[in-house]
């Protein structure tokens, strides 16, 4: 069975087994360069995709242990940026966090839509805040929207 068709607990066990099995089958890295390369590979093939598909509850658990999981890296530039990558319209490949310079339209699980510019300062820990000007010229804020509520984000 493919890991993307498993429930959260099953997927967690699948990845634990896959990582354990993978580490048993592969020899210990012979050099620091090999060790660093294997870490980068693990980040790109396991950790980053995990961040893209996990619900907010799991992401917040990971945030608490991020130093142990990912090393000395900024949780906003890694965990939360990678989590938002499930919606390409919200991120820029070279910048951390949500991307503020493009207007987006989001669709929520309950059928509602919202539009505006993501506010990177206010959009923290898996919640999105949108800002835009209303017809009278006043700044209008929408949200917070949980990453779990959003089913689509498109340029708008």
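Every read-out reported here was derived from the displayed coordinates using simple, explicitly stated rules and does not represent laboratory data. These numbers come from a predicted model, not from an experiment. FYI the Cβ positions are ideal-geometry reconstructions off the backbone, even for glycines, and counts take in every protein chain you see.
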- Compute the length gained on full extension between residue 131 and residue 94: take 0.36 nm times their separation in residues and subtract their Cα-Cα distance, giving the result in nm to one decimal. 11.1 nm
- Note on the structure: Looks like segment 28-102, by Cα gyration tensor root eigenvalues a ≥ b ≥ c and the a/c under 1.5 rounded cutoff (else prolate when a/b is bigger than b/c, oblate otherwise), is prolate
- Compute the length gained on full extension between residue 151 and residue 61: take 0.36 nm times their separation in residues and subtract their Cα-Cα distance, giving the result in nm to one decimal. 30.2 nm
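Just subtract the alpha-carbon distance of residue 140 and residue 103 from 0.36 nm times their residue separation and send over the number in nm, one decimal. Write down the numbers at each step before the final one.
Details: separation 37, 0.36 × 37 = 13.32 nm, distance 1.34 nm.
Extending this stretch completely gives an extra 12.0 nm.
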- Residue order, fewest to most beta carbons within 10 Å, for 33, 149: 33, 149
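Order by neighbour count: 66, 82, fewest other Cβ atoms within 10 Å first, most last. Spell out each step's value before the answer.
On the way: 66 18, 82 21.
Sorted ascending by nearby Cβ count, the order is 66, 82.
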- Note on the structure: Quick calc, residue 69 & residue 45: beta-carbon distance into FRET formula, R0 22 Å, rounding 0.05, result 0.90
- Message: Relative contact order of segment 88-156, please, whole-number percent, based on alpha carbon pairs below 8 angstrom and at least 6 residues apart.
- Response: 33
